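Heads up: the structure comes next, in structure tokens.
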Amino acid sequence: MNPDFIPWIILFLPLLAAVVIALFTQHDRKLSAGLSVGAVVAGFVLSLVFIKLNGWAPAHEVSVAWLTIGDLQADFGLHFDPLSLLMMLIVTGVASAIHIYSWGYMSEDRSLPRYFACLSLFTFSMLGIVLANNFLQLFIFWELVGVSSYLLIGFWFERPAAADAGKKAFITNRLGDFGFLLGILTAWAWFGSLNFAEVNKGVADWKGEHWLLTVAGLLIFCGAMGKSAQFPLHVWLPDAMEGPTPVSALIHAATMVAAGVYMLCRVFFIFTPDALTVIAWIGGFTALLSAVIAVQQDDIKRILAYSTLSQLGYMVMAVGLHGPTQAMFHLTTHAFFKALLFLGAGSVILAVHHEQDIWKMGGLRTKMPVTFWTFMVGTLALAGVPPFSGFYSKDGILAQAAQHSLPLFVVGAVVAALTTFYMFRLVFVAFLGKSRSEAAGHAQESPPVMVWPLRILAFFSVVGGLIGIEELYGTQLATEHTEHAVSFGQQLIGPFIHAPLAVGVGLLAVVIGYAAAYALYAKAAKDPLPEKLGALSRAMRNRFYFDELYQATVIRFHDFLAAAADWFDRCVIAGVGVRGTHGTTELAGRALRLLQTGNLQTYAFIFALGVALVLYMVLS
Amino acid sequence: MTAPSPNESSHLLSVLIFSPLAAAAVAAFIRSERLLRLWTLAFTSAIALFSLQLWARFDTKTADFQFVEVSRWIPTLGIKYSLGIDGISLLLVLLTTFIMPLCVLCSWRYIQTRVKEFMICLLIMQTAMTGVFCALDFVLFFVFWEAMLIPMALLIGVWGGPRKIYAALKFFVYTMSGSVFLLVAIIALRLKVGSFSIPDMMGHDYSPTFQIWVFLAFFISFAIKVPMFPFHTWLPAAHVEAPTAGSVLLASVLLKMGTYGFLRFSLPITPYATQVFTPYVLWLSVAAILYGGLTALAQTDLKKLVAYSSVAHMGFATLGIFALNQFGIQGAVLVMINHGVTTGALFIIVGIIYERLHTRDLAQTAGMGKRMPIFALFAGVFALSSLAFPGTNSFIGEFLVMSGGFQFAKTNPAFIVGMICIVPGVVLAAAYMLRMLQKVAYGGTSNPDHSHVLDLGLREILTLTPLLVLVFYIGLHPEPFTRVLDASVKHLLEQTRQVHPLAPYATLP
């Protein structure tokens, strides 16, 4: 039996759950949550079954015709290859853990059914992106992910900050997405197809102008810039933390924001070296900028959000450095440990009664041991300490940078040091030392339904680097040499042999970062940096004023334009144009009325004048 | 143009056109207001179902006019009573017949005075609108075209808001002055061709200068009707003052007359002039998209907001038409249909707000959604549709239009700039729609008190549901709609002698 029907079920189960919850089970909290969780867990199990039956290779697709215009046809289809299958597994897997956790985290919220409906809608759209076999379909799900994110960021819409954050995310994304759409249209116009495989062929046979491809590639990259929050469209992601914490974990850390990177790898063939250089630098800059900002944030979720931005920058940089394999590898390990960190943060936030300022926590290690230890695992993985998963994936990117671009290698190393620094700052302040507030003093460990997902994600954060994920991506994406069939032992020490320089520098960065964090924060009662850094610290706390800058320029400007257009419409077009015509007509009428005096002599006089005039013209 | 195939002899179109008149005559004798409403609703619904026959029996293979009827009317002048539809007019006729029952439904409580006259006006409108889309004789066309004006002006002038007389007059004078040019063009064409038959006019070889004059006359007339920037000022005024049903008719059907005119007359009759003016019209369309979006952003009156968004949407339609290729035109027709569905729905939404709060001011409506979850759901879907969200109807139309624009830019690289200029327009659509949605559905920290407001009733849900279904049906399964258009649009392009080689590298098996 052909197992190709299974992914269709995996894709549509969450949608079914969302629709059923929205239409029928709004009143029943348990049933709604159960449906949503059931759909995604079933999706995870079915993904395993499908991969068991189908194997990772060969790459193939199934599709049905969707739209035919003239000679062109757009399909709705699913594409299976190691990239999409592994991603499907990650999405359903991480989403399962987070759905279960949400059940605990959101149990008191009165709109729980709405929450789960949105979450299921998100899972559906994300799977759609992962499995899409053509640009149009990818774009449709891309936007659908955007709208589910909008709904979830603004989930607590009573708070104006949440509603505004949702709108900001949507509009910023749309800006990027429109570039993406233009890129897709360019590809369609030039290659005559939307299907990835066909476009790939078209690019390979491309005889036309080189710069055209570069432009198309950069336009497509715009989409990734929006969704993966790359500079200068990065401003929405920190605000998106207004959403519930499990949402931050699933959407704004593990999966949706990674969709941009996934998309870049999916269409990697379209990028010319020039385009890749731009991509690498934007990624590198984003990584550095947000790591610096993260150093001076006090809100636990915002620290993690800037960390996410920074790590996304890392991945994008990896793509730009001709390393889609490394990018996807880091995406995968990051999905585990960043989801873990966010869920850990959620556990803390719930324990201290919705306090998010790390300077009001402290001493949580003994009160919440599981949360603390799993959070530590996440921290070590993110910092890149061997043998945690993050070490292997980060090292891959550093090695790639060392090979292609020295400046970006330096950026990568600095970011690694900063990452370690801000993460240990967080750990020292929030978990160690004494309680800094009453709420923190009374904190209790979270219930099992929340703790178990932490344990599972922690497990994968530890071993994620050693279970052959990179090799699997490599079989499909590697642009350079690959080595197959590596044993566990070889994987464990692999980086030390292949890229000793990168490992050395990477580890050095970790040590420096840790030492600095220890020196500054291990015993600190308040943040010492603002005094030491002065204006720089203020700038970091204020996120380098990007929001203010956009407020002052882009938003002010377009408000001004809108007002100007409105004024133009009322005064110039309706006023001068229309009233003017109307006025002229009326004036002419009035002027002519003066001639109609009703006086017979005047008429006779004018009549005589006319006759004279005619005679004169005829005779002369 | 091949002669209309006379093999189908049915009177389907005549029935569709004139039965509303008969219904209006019946309505004139009904006393009870309730019965009047019921009668009009029943009748328009029956017609909507009846018109599905067209859809079922329509042959998608041929570009010829179908359901053709020809008979003598004024033989001394060569004027005939001749009807027929192709794929483009088919969709528009169906849009008209389907929007009518919804107009009756949304006026159920809104209209409390002169109910009889109101219903009669609606029915006469239906006759005229259907007639415009079906007429194959230019004089007949013009008769219907002008016949529309009077009931519409009455709808605004009698049942409208505080400045109804001003708005009605503005509407009337504006469109009337456009019509004068149309009439001149018709007469000029008659003198060249010797007949008023539209298909005959299409086959004719006119001199370039003549074409340019005719095109310009058409253009003024149709551009006012669309309305294209900068001929649009009658639209916000008319919309703001019109009753809900009037706004719906105006947005859903009347605005399509202009673009329909471009497709039916400008392109096939004056192909040379079309080529000459294409770049200008395209740039005007880009301007309309940007200008409409920007102005919509500045509005605080909900109806004005939707009205200006119409200007932007119709900009997409004209952009697609004058891209002069298959994607563009098919996309444009879809945009026309989608705009009819979505904007019609948005006006009904605004009407629902007005019935409850007696205001359309954005600030006054803040936070209604909290009291009215069902309403918020509908408003959300239609707002998403209006900003061309993928999966909804508008996306597919605008996507095709933009593909068309790109095809055009391929041969005219200068227009790439135009395509890029659309970017802010599309972002603007998201901005003004979300602003409205957020305000109406969620509001801010301190909202006006809406505790007395009731959520949608069954009648209102019934009004909006068909449109909701269409939003998703066209959005998810556009194939049937594009298939209907395929042959007609191909033929139209042949007539403009401008069939762009569609993507020479084509494509999937």
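Count charges around A:R543 for me, please; just the other residues with Cβ under 13 Å from its Cβ, Lys/Arg as +1, Asp/Glu as -1.
My count for the surroundings of A:R543 gives -2.
Where the centre of each part is set by its Cα atoms, how far does the range B:59-115 sit from the range B:155-206, in angstrom?
17 Å
Given +1 on the Cβ of Lys and Arg, -1 on the Cβ of Asp and Glu, and no further charges, what dipole in debye does the protein assembly as shown carry about its Cα centre, rounded to the nearest 20?
For the protein assembly as shown, the charge dipole is close to 2320 debye.
Place a label point 7 angstrom from the Cα of A:D298 along the Cα-to-Cβ direction, then list the residues of the range A:338-368 whose backbone nitrogen is under 17 Å away.
A:354-363
Please count, across the range B:12-496, the pairs of lysine residues with Cα atoms under 18 Å apart that sit 8 or more places apart or on different chains.
Summing the qualifying lysine pairs gives 12.
Restricting the count to DSSP beta bridges whose residues both fall in the protein assembly as shown, what percent are antiparallel, rounded to a multiple of 5?
95 percent
Exactly which chymotrypsin sites (Phe, Trp or Tyr not before Pro) in the range B:1-107 are in a DSSP loop and have at most 11 other Cβ atoms within 10 Å?
Here the chymotrypsin sites (Phe, Trp or Tyr not before Pro) that fit, given the DSSP loop and packing criteria, are B:F29.
Excluding A:G362 itself, calculate the net charge of residues whose Cβ lies under 14 Å from the Cβ of A:G362, where each Lys or Arg counts +1 and each Asp or Glu counts -1.
Result for the neighbourhood of A:G362: +3.
Report the longest stretch of chain A that contains none of the trypsin sites (Lys or Arg not before Pro) sitting in a DSSP loop with at most 16 other Cβ atoms within 10 Å.
In chain A, the maximal stretch lacking such sites is A:208-433.
State which stretch of chain A is the longest one without any exposed GluC sites (Glu not before Pro), exposure meaning a DSSP loop state and at most 14 other Cβ atoms within 10 Å.
Segment A:210-479 is the longest.
Can you pull out the chymotrypsin sites (Phe, Trp or Tyr not before Pro) in the range A:152-249 whose DSSP state is coil and whose Cβ has at most 12 other Cβ atoms within 10 Å?
none
Going toward the positive end of the dipole of the range B:12-496, with +1 on Lys and Arg Cβ and -1 on Asp and Glu Cβ, which of B:F218, B:F196, B:Q438 do you reach last?
With unit charges placed on the Cβ atoms, the residue in question is B:Q438.
Just from its helices, what would the mean residue ellipticity at 222 nm be for the protein assembly as shown, if runs of 4 or more DSSP H residues each count -39500 (n - 2.57) and the sum is divided by every residue, rounded to the nearest 500 deg cm²/dmol?
-23500 deg cm²/dmol
Given R₀ = 51 Å, what would the calculated FRET efficiency be for B:W73 paired with A:R593, taking r from the Cβ atoms and rounding to 0.05?
About 0.75, to the nearest 0.05.
What whole number of Å gives the distance from the Cα centroid of the range A:593-615 to the Cα centroid of the range A:347-419?
99 Å
Could you tell me how far the Cα centroid of the range B:208-264 sits from the Cα centroid of the range A:533-565, in Å?
Computed from Cα coordinates, the inter-centre distance equals 41 Å.
Whole-Hz Karplus ³J(HN,Hα) for the range A:305-316, in order, using 6.51 cos²θ - 1.76 cosθ + 1.60 and θ = phi - 60°, x for Gly and Pro?
For the range A:305-316, the Karplus-derived couplings read 5, 5, 4, 4, 3, 5, 5, 5, x, 4, 5, 4 Hz, x marking Gly and Pro.
What's the magnitude of the charge dipole for the range B:139-262 around its Cα centre, counting Lys and Arg as +1 and Asp and Glu as -1 at the beta-carbon? Answer in Debye, nearest 20.
Taking the Cα centre of the range B:139-262 as origin, the dipole is about 240 debye.
Taking only C-alpha pairs under 8 Å that are 6+ residues apart, what is the relative contact order of chain A in percent?
12 percent
Give the share of C-alpha pairs in each 20 angstrom bin for chain B, from 0 to the last occupied bin, in whole percents, shortest bins first.
Spelled out per bin, shortest first, that is 24, 59, 16, 0.
How large is ³J(HN,Hα) for each residue in the range B:44-49, as worked out from phi by the Karplus curve 6.51 cos²θ - 1.76 cosθ + 1.60 (θ = phi - 60°), to whole Hz, x for Gly and Pro?
For the range B:44-49, the Karplus-derived couplings read 5, 5, 4, 5, 4, 5 Hz, x marking Gly and Pro.
Take A:W103, B:W283 and order them by how many other Cβ atoms sit within 10 Å, fewest up front.
In order of increasing Cβ crowding within 10 Å: B:W283, A:W103.
Using Cβ counts within 10 Å as a stand-in for footprinting exposure, how do A:F329, A:F544 rank, fewest first?
Neighbour counts put them in this order, fewest first: A:F544, A:F329.
Can you find, among A:A216, A:F155, A:T172, the residue sitting farthest towards the positive end of the charge dipole of chain A, where Lys and Arg contribute +1 and Asp and Glu -1 at Cβ?
A:F155
Would you calculate the separation in nanometres between label points at A:L501 and A:E209, each defined as 7 Å from the Cα along the Cα-to-beta-carbon direction?
3.8 nm
Sequence gap at least 6, Cα distance under 8 Å: using those rules, report the relative contact order of chain B to the nearest whole percent.
With pairs under 8 Å counted, the relative contact order is 16 percent.
Report the calculated FRET efficiency for B:F29 and B:H204 (r = Cβ-Cβ distance, R0 = 35 Å), to the nearest 0.05.
Approximately 0.15, to the nearest 0.05.
Quick check: pseudo-label points 7 Å beyond the Cα along Cα→Cβ at A:D547 and A:F24, how many nm apart are they?
Going by the 7 Å Cα→Cβ label model, 4.3 nm.
How many nm is it between the label spots at A:T475 and A:M617, if each spot is 7 Å from the Cα in line with the beta carbon?
Taking the simple label geometry, A:T475 and A:M617 are separated by 9.5 nm.
Which one of A:T255, B:S266, A:Q601 has its Cα pushed farthest toward the positive end of the charge dipole of the protein assembly as shown, where Lys and Arg give +1 and Asp and Glu give -1 at the Cβ?
A:Q601
Grab the other residues whose beta carbon is less than 13 angstrom from that of B:Q364, score K and R as +1, D and E as -1, and report the net.
Net charge in that neighbourhood comes out at 0.
Quick one: if the Förster radius is 45 Å, what FRET efficiency do B:I420 and A:T602 give, using the C-beta to C-beta distance and rounding to 0.05?
Calculated value: 0.10.
Whole number please: convex hull volume per residue, Cα atoms of chain A, in Å³.
For chain A, the hull spanned by Cα atoms encloses 261 Å³ per residue.
Computed from the coordinates by the stated procedures, all read-outs in this text should not be read as laboratory data. Just so it is clear, the structure is predicted and the values come from calculations on it, not from any experiment. Here Cβ is always computed from backbone atoms with ideal geometry, including for glycine, and neighbour counts include all displayed protein chains.
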